[in-house]
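Right, one structure below, let's go through it.
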């Protein structure tokens, strides 16, 4: 049971209806906590599973790397993986605590490599992505005054994507996150107020916030983003029947926010159980997860 829990991928599908009149389906792949793990040579198994669902967007909510990785050799593998992701669909990345465990120069080098691969790095920044939907209108009146069946149509939607700056949750000069009680919540709330204002001014059709650590769900919710994508908890590492995850950093024993969809305010938080491992090397009853959010928009 241990081996499948570490190397057999599972695709979790969640469906949302935003109440729009035009029922186009936006497919968003959510990844988190790869931490240098590979699924097949050059991650071919992972890439194929993602490609098969033909996503419009791919979001990665942190911990692409692990603090134990070697910068000179191991980073090349994950950069190549992200480049291949970008070939499938526009890809957006925000930092987790493991990226920020490295030196400032290393983090900056990682950012440059990702951006050179076509990945948009959202470290306290926002990006507006335009997605074009093409479909068919059953019967329409043409400019010739006749009824034409199956006339194609196109529609564009604007999506605001923002990355919450993980550094606000890190111990300065240390390669670890702060205890929840040590986090400057006033600074977090000030930033959230700024994000909410920018979201309101963007006039986009939908908004997505990438925030690595899910335990601050109430603070994130104040920004009024439609969707928050998080990871970090590794699904609680060991999943117990009827109880869920056993342990999560920042939440302790029997954490509540390790997987699935959670609601706060008017938004939805989608938590990935992640793909890899860190200091604890095993997943038990907790398969590596690809999340697919299908959003009617």
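Annotation: segment 48-117 has a Kirkwood hydrodynamic radius of 12.6 angstrom, from the mean reciprocal C-alpha pair distance.
Once Rh for segment 49-89 is found with the Kirkwood sum over Cα pairs, what is the Stokes-Einstein diffusion coefficient at 25 °C and 0.890 mPa s, in µm²/s? Rounded, D is 213 µm²/s. Computed from label points 7 Å out along Cα-Cβ, the spacing between residue 25 and residue 72 is 4.9 nm.
Take the Cβ atoms of residue 18 and residue 167, set R0 to 30 Å, and the FRET efficiency comes out at 0.45.
Considering all C-alpha pairs of the chain, those separated by over 24 Å amount to 51%. Once the Cα atoms are used to define both axes, helix 74-88 deviates from the longest principal axis of the chain by about 10 degrees. Note on residue 48 and residue 104: their simple-model spin labels are 4.5 nm apart, each label 7 Å out from Cα toward Cβ.
Once the Cα atoms of helix 185-202 and of the chain are each reduced to a long axis, what angle between those two axes, in degrees from 0 to 90 to the nearest 10, is obtained? That helix lies at roughly 20 degrees to the long axis. Take 253-261, 155-163 and order them by the average number of nearby Cβ atoms within 10 Å per residue, most first; the result is 155-163, 253-261.
Maximal additional length on extending the residue 224-residue 280 stretch stands at 16.7 nm, based on 0.36 nm per residue less the C-alpha distance.
How large is the helix-only mean residue ellipticity at 222 nm for the chain, computed as the sum of -39500 (n - 2.57) over DSSP H runs with n ≥ 4, divided by its residue count, in deg cm²/dmol to the nearest 500?
Numbers: 6 runs with 66 residues, N = 297.
Calculated from helices alone, the mean residue ellipticity at 222 nm is -6500 deg cm²/dmol.
Contact order for segment 1-113, expressed relative to its length and based on alpha carbon pairs under 8 Å spaced 6+ residues apart, stands at 27 percent. Between residue 264 and residue 10, the modelled label-to-label distance comes to 2.4 nm, taking each label 7 Å out from Cα in the direction of the beta carbon.
Expected output is a single nm value to one decimal: the length gained when fully extending between residue 184 and residue 112, i.e. 0.36 nm times separation in residues minus the C-alpha distance. What is it? Could you put the intermediate results ahead of the total?
Details: separation 72, 0.36 × 72 = 25.92 nm, distance 2.90 nm.
Taking 0.36 nm per residue and subtracting the Cα distance, the gain is 23.0 nm.
When only Cα pairs below 8 angstrom with a gap of at least 6 residues are kept, the chain shows a relative contact order of 27 percent. Expressed to the nearest 5 percent, the antiparallel share of DSSP beta bridges inside the chain is 50 percent.
Between 164, 102, 93, where does the largest GNM mean-square fluctuation fall for the chain, given springs only between Cα atoms within less than 10 Å? For the chain, modelled as a Gaussian network with Cα springs under 10 Å, the answer is 102. Each principal axis of segment 2-76 carries a Cα extent, and these read 50, 25, 19 Å when sorted largest first. To the nearest 10 degrees, how steep is helix 104-116 against the longest Cα principal axis of the chain, on a 0 to 90 scale? Once rounded, the angle reads 30 degrees.
Read the figures in this text as sums done on the coordinates, not as results from a lab. Remember, it's a predicted structure, so these values are computed and weren't measured experimentally. Here the Cβ is made from the backbone with ideal geometry for all residues, glycine too, and neighbour counts use every protein chain on show.
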